[in-house]
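Quick notes on the structure that follows.
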Amino acid sequence: MSYELNFDRRPDYIHAIVTGQNTAETVVQYMTDIQSECEKQDCYRVLIEEKLDGPRLGEMEVFNLVSKGSSTALGFFEALAYVDENQQFAMSKFAETVAVNRGIPIAMFSSVADAKNWLKHRPEDADDQKFFIDGDDSDRD
């Protein structure tokens, strides 16, 4: 596993920036590290900025990662805003759908500004998934 994870504690959330190689093992480990940091900081709202290099993970690999990861993340996070710098947005939205269907309060974004906006406007006590369309904070139907 070759990656680096940096945390920047903001007043209302933790901004996690991950760089390194894009592998399933990297994703599993950095998510574990993020959960540990959340516990340490007593903050469960996170902006994840992923800047991983290498080939994108396949659809089944993404599905399996998100499905397994959701079981440990369920009830843990208040909000996860996720930005993939080297994204294939269709795959990111697929991962979001899999996670949301498993009760994870997550939204994928194409920019850090949109992710921050979602975190800013999502109520801290929200127990339902607030859908967010990039660049627009209206609910989807």
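The values are calculated or read from the model by the stated rules, or taken from the named source; none is laboratory data. Note that this is a predicted model, so its numbers are computed, not measured. Cβ: placed from backbone, ideal geometry, glycine included. Neighbour counts: every protein chain shown.
What to note about this one:
Yes/no matrix, rows are residues, columns are (1) touching a Ser or Thr at 6+ places or on another chain (Cβ under 6 Å); (2) closer than 17 Å to Ala16 by Cβ; (3) surrounded by 20 or more Cβ atoms within 10 Å (Cβ to Cβ):
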position	(1), (2), (3)
Gln35	no, yes, no
Leu47	no, yes, yes
Phe77	no, yes, no
Val83	no, yes, yes
Lys93	no, no, no
Asn117	no, no, no
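- Test: Gly103 is in a strand (DSSP E or B) and either surrounded by 13 or more Cβ atoms within 10 Å (Cβ to Cβ) or at pLDDT 95 or above (or both): no
- Search result, residues across the stretch 33-53 that are without any contact (Cβ under 8 Å) to a residue 12 or more places away in the chain and among the polar types (S, T, N, Q): Ser36
- Number of positions in the stretch 63-82 that are over 18 Å from Gln41 (Cβ atoms) and hydrophobic (A, V, I, L, M, F, W, C): 4
- Every residue from the stretch 11-59 that is basic (Lys, Arg), touching a helix residue (DSSP H, G or I) at 6+ places or on another chain (Cβ under 8 Å) and farther than 20 Å from Lys120 by Cβ: Arg56
- Tally, over the stretch 30-67, of residues that are in contact with a strand residue (DSSP E or B) (Cβ under 7 Å, 6 or more places away or on another chain) and outside any strand (DSSP E or B): 8
- Residue list for the stretch 49-69, restricted to those being buried (at least 17 other Cβ atoms within 10 Å of the Cβ) and either at pLDDT 95 or above or not aliphatic (A, V, I, L, M) (or both): Glu49, Glu50, Gly69
- Every test in (1) buried (at least 19 other Cβ atoms within 10 Å of the Cβ); (2) under 23 Å from Asn101 (Cα atoms) is passed by Thr72 save one, and that test is (1).
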